Every structure is written in C-alpha cells, then in structure tokens.
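Some notes on the structure that comes next.
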Amino acid sequence: MWTDLSDPAIIKQLGDRIKELRIRKGMRQEDLADKSGISLSTITKIEKGKPISISLFISVLRTLGLLENLDLLIPEIGISPIQMRQLKGKKKIRVRLKQ
C-alpha cells in the first residue's frame, strides 16, 4: 500500500491517522500541542498533511504513546552470523586426548 503512494500522500495519511488517534483519545488539538511542547499551528499542519520536521513529529508520537512503534518502522540491525563468529573467536569442535 505505502509503496504505491507519493511522498505527499504518505504525509497526508500519517496526518489523518494522528488526527484520528488524537480524537479517539479525547484530546483537543490544543491539548496535544501543549503536551507535546509544540504550537497549535504545527498540530494543524500535521493533521492537514503538511511537512514538518522529524523532531516535531517525534514529540507528537511520544505524547500519543506511539514511540515504541518506531522499532517496526526501522528495526534494529542485529549482528550477522559472520560477525558473531569473529567476535567469539575460533570455537573448539572436539577435545583431543593428550599423550
């Protein structure tokens, strides 16, 4: 779905979802702005699908309790099997009897 949308259309979708979630939580735009530490006009921009800085968007996500969802957006990169082996060093496979 997202890959079919233009960048402005994605921003509009995100704004619509923020607005819907705000309303479900019973918050006015003014409440969200105050709790997020940003201006009312910025909340209006977000909900209308206008571009804003990522730091302002993060403030809104934090206020709405959505920050934990960032792991789904950009998952943490784990250590590859090759890197893991290099970190562990050479692993013994068998034990030999000393003579």
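The values are calculated or read from the model by the stated rules, or taken from the named source; none is laboratory data. What you are looking at is a predicted structure, and each value in this text was computed from that prediction instead of being measured. Please note: Cβ atoms are built from the backbone with ideal geometry, for glycine as well, and neighbour counts cover all protein chains shown.
What the table shows:
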quantity: VAL60 being of a type in the set (A, V, I, L, M) and closer than 22 Å to LYS25 by Cα; calculated: yes
quantity: Among the candidates LEU21, LEU97, residue that is within 19 Å of the chain's Cα centre (by Cα) and not hydroxyl-bearing (Ser, Thr, Tyr); calculated: LEU21
quantity: Residues that are modelled with pLDDT of 95 or more, out of contact with any helix residue (DSSP H, G or I) (no Cβ under 7 Å at 6 or more places or on another chain), hydrophobic (A, V, I, L, M, F, W, C) and not in a helix (DSSP H, G or I), drawn from the range 1-40; calculated: MET27
quantity: Any hit, the range 19-42, residues being surrounded by 11 or more Cβ atoms within 10 Å (Cβ to Cβ), touching a Pro at 6+ places or on another chain (Cβ under 8 Å) and in contact (Cβ under 8 Å) with a residue 40 or more places away in the chain; calculated: no
